[in-house]
1. Just the residues that are under 26 Å from Gln31 (Cα atoms) and under 14 Å from the mean Cα position of the chain (by Cα), please, taken from region 76-116.
2. Restricting to region 195-226, and then to whatever is open to solvent by 60 Å² or more (accessible area, probe 1.4 Å) and farther than 23 Å from Leu48 by Cα, can you tell me which residue is farthest from the chain's Cα centre (by Cα)?
3. Take the residues in region 175-189 that are touching a residue at least 24 places away in the same chain (Cβ under 8 Å) and either assigned to a helix (DSSP H, G or I) or among the charged types (D, E, K, R) (or both), then tell me which one is farthest from His85 (Cα to Cα).
4. So, Thr214, is that one touching a helix residue (DSSP H, G or I) at 6+ places or on another chain (Cβ under 8 Å) and either closer than 19 Å to Leu165 by Cα or not basic (Lys, Arg) (or both) or not?
5. Pairs needed: first member in region 246-261, assigned to a loop (DSSP other than H, G, I, E, B); second member anywhere, surrounded by 11 or more Cβ atoms within 10 Å (Cβ to Cβ); C-beta distance under 8 Å; at least 6 residues apart or different chains.
6. With Leu56, Leu64 as the choices, which residue is part of a strand (DSSP E or B) and out of contact with any Leu (no Cβ under 6 Å at 6 or more places or on another chain)?
7. From Ile114, Ile125, Ile63, Ile91, grab the single residue that is modelled with pLDDT under 90, under 16 Å from Pro175 (Cβ atoms) and of a type in the set (Val, Ile, Thr).
8. Test Asp78 against the stated conditions and say whether it is surrounded by 15 or more Cβ atoms within 10 Å (Cβ to Cβ), of a type in the set (D, E, K, R) and modelled with pLDDT of 90 or more.
Amino acid sequence: MIKLENIGITFHPGTPDENTALKNINLEINQGDFITVIGSNGAGKSTLYNIIAGTLSPSKGKILLSMPESNGKTTERDITNDAEHKRAAYIGRIFQNPLLGTAGKMSLEDNMIICSSKGWKGLKISLNKKKREEFKKQLQQLNMGLENRLSDNVEQFSGGQRQALTLLMAVLSKPAILLLDEHTAALDPTNAALIMELTRKFAKEYNLTVMMVTHNMQQALDYGNRLLMMDAGEIILDISGEEKQKLTLDDLAMRFKEIKKHSMTNDQMALQ
């Protein structure tokens with residue numbers, strides 16, 4: 001699906017501010033994976049997210065994308081140098097700020113038509129009764145009554161409603177991978193729980209491939225089939241399946257301490 005090979009990135013190389021944010025990342029993201037990514041501030045979570053999205057370019061390594069073709073075959077291509085706007089055609093993103101994923105000054109139906117047509121082309125032609133009925137059916141999945149507010153400007157909606165709408169539009173665009181950057185962090189607990197359940201529902205029903213960055217360790221345990229823990233620009237833990245299902249918060253904390261202790265011991269030996 002998506003493969004990262006020996007990815008590294010160094011900011012401000014050759015200066016006193018030099019910082020290696022990612023070190024030799026090797027990661028294979030499979031079709032249907034729901035990966036949660038945790039780690040302390042500065043661990044490299046957001047950098048990894050931005051490398052995949054194309055916001056940042058790696059200093060070394062390459063990114064490969066495998067996608068099915070209309071003939072049933074799967075082709076792999078190198079997207080390392082693809083620009084962010086080009087990757088947007090197959091990579092969906094949702095940010096912390098619920099205002100970033102929708103156009104507030106535009107109506108709900110206009111937001112939906114842009115999503116469905118991936119641009120303005122054909123907007124007036126496509127926006128008809130049949131299309132509105134289709135949008136209503138899609139919006140009913142949110143259980144927020146938004147199917148009855150197609151003509152309302154999105155800026156009138158709450159943060160939770162806008163984030164739910166952003167999630168739905170991202171899903172309907174059928175991305176190769178959906179990247180979630182702490183997409184419930186700015187919401188109150190009730191709306192955060194609602195968005196997380198919608199995320200779980202859509203991931204399953206649409207067979208989405210998802211990578212979710214979070215600081216919430218309980219969310220990381222409760223959602224998805226795979227968990228990555230990052231520290232100092234490296235993936236130090238990659239757990240999936242039954243092993244992940246059995247994990248507790250205490251287990252996770254203990255593993256982090258053990259890995260850090262082992263890493264520090266190796267560093268000390270290397271200096272001797």
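1. Those that are under 26 Å from Gln31 (Cα atoms) and under 14 Å from the mean Cα position of the chain (by Cα): Arg87, Ala88, Tyr90, Ile91, Gly92, Arg93, Ile94, Phe95, Gln96, Gly101.
2. Among residues in region 195-226 that are open to solvent by 60 Å² or more (accessible area, probe 1.4 Å) and farther than 23 Å from Leu48 by Cα, the one farthest from the chain's Cα centre (by Cα) is Glu205.
3. Within region 175-189, the match that is farthest from His85 (Cα to Cα) is Asp188.
4. Against the criterion (touching a helix residue (DSSP H, G or I) at 6+ places or on another chain (Cβ under 8 Å) and either closer than 19 Å to Leu165 by Cα or not basic (Lys, Arg) (or both)), Thr214 qualifies.
5. What qualifies is Leu247/Leu221; Leu247/Leu227; Leu247/Ile239; Thr248/Leu221.
6. Leu64
7. Ile114
8. Spelling it out, it is not the case that Asp78 is surrounded by 15 or more Cβ atoms within 10 Å (Cβ to Cβ), of a type in the set (D, E, K, R) and modelled with pLDDT of 90 or more.
The values are calculated or read from the model by the stated rules, or taken from the named source; none is laboratory data. Please read these numbers as outputs of a predicted model, since none were measured by experiment. Using ideal geometry, Cβ is built from the backbone for each residue, glycine included, and neighbour counts are taken over all protein chains shown. When the accessible area is computed, the model is the full protein with side chains, heavy atoms only, and any ligands, DNA or RNA have been set aside. Shrake-Rupley method; radii C 1.70, N 1.55, O 1.52, S 1.80 Å.
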